[in-house]
Amino acid sequence: MDKTINQKAWFLVLPVFAVVAFSAILPLMTVVNYSMQDTFGNNQFFWNGVGWFKELLDPTTDLGERFFASLWRNLFFSAVILAIEVPLGIVIALSMPRQGWTVAACLVILALPLLIPWNVVGTIWQIFGRPDIGLLGYVLAGSTMRWPLPEGAPNGTIVVNANGTDTTLTPTA
């Protein structure tokens, strides 16, 4: 029995292309357009062309020097993370059970963190670190370390600099 070749089904993909063009490509082109302009407010734009990019990619300027320093820190951070995550993922995959009830239990344990939205993670750690209701805060408050950290402590600076930016955070009361 010969199968009839019909290529008309490709027309069903056209609505997807239209949605992608409207929801992804059009906003991307708008961002590219805005990156070539300068504004002084009041919705008045002035054409700057590639001037911003020339200044950013010139390592002799202060902006370019900071950009390349931040870029190298981010690349180093990404390389370290990949050097940890890839072997760890392979070890976890190879050590997972292949049959029995433990397969489902392991999959649930591995998938559970994916159900937590990323913006909730910071709140969870803040609650975990509070000395009145958090376990970590309770343990650290009983130790010799001053907890919660006093104003001006370098905790914000350490976190932000570890993520590859030059910003210094000052905790507020």
By count of other Cβ within 10 Å, fewest leading, how are F76, F46 ordered?
F46, F76
To make sure I understand, if each residue's beta carbon is the centre and we count other beta carbons within 10 Å, what order do D2, D132 fall in, fewest to most?
D2, D132
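Exposure proxy check: Y138, Y34 ranked by fewest other beta carbons within 10 Å? Could the numbers behind the result be given before it?
On the way: Y138 15, Y34 11.
Result, fewest neighbours first: Y34, Y138.
Since every read-out is calculated from the coordinates, none of them should be taken as a lab result. What you are looking at is a predicted structure, and each value in this text was computed from that prediction instead of being measured. Cβ atoms come from the backbone with ideal geometry, glycine included; neighbour counts cover every protein chain shown.
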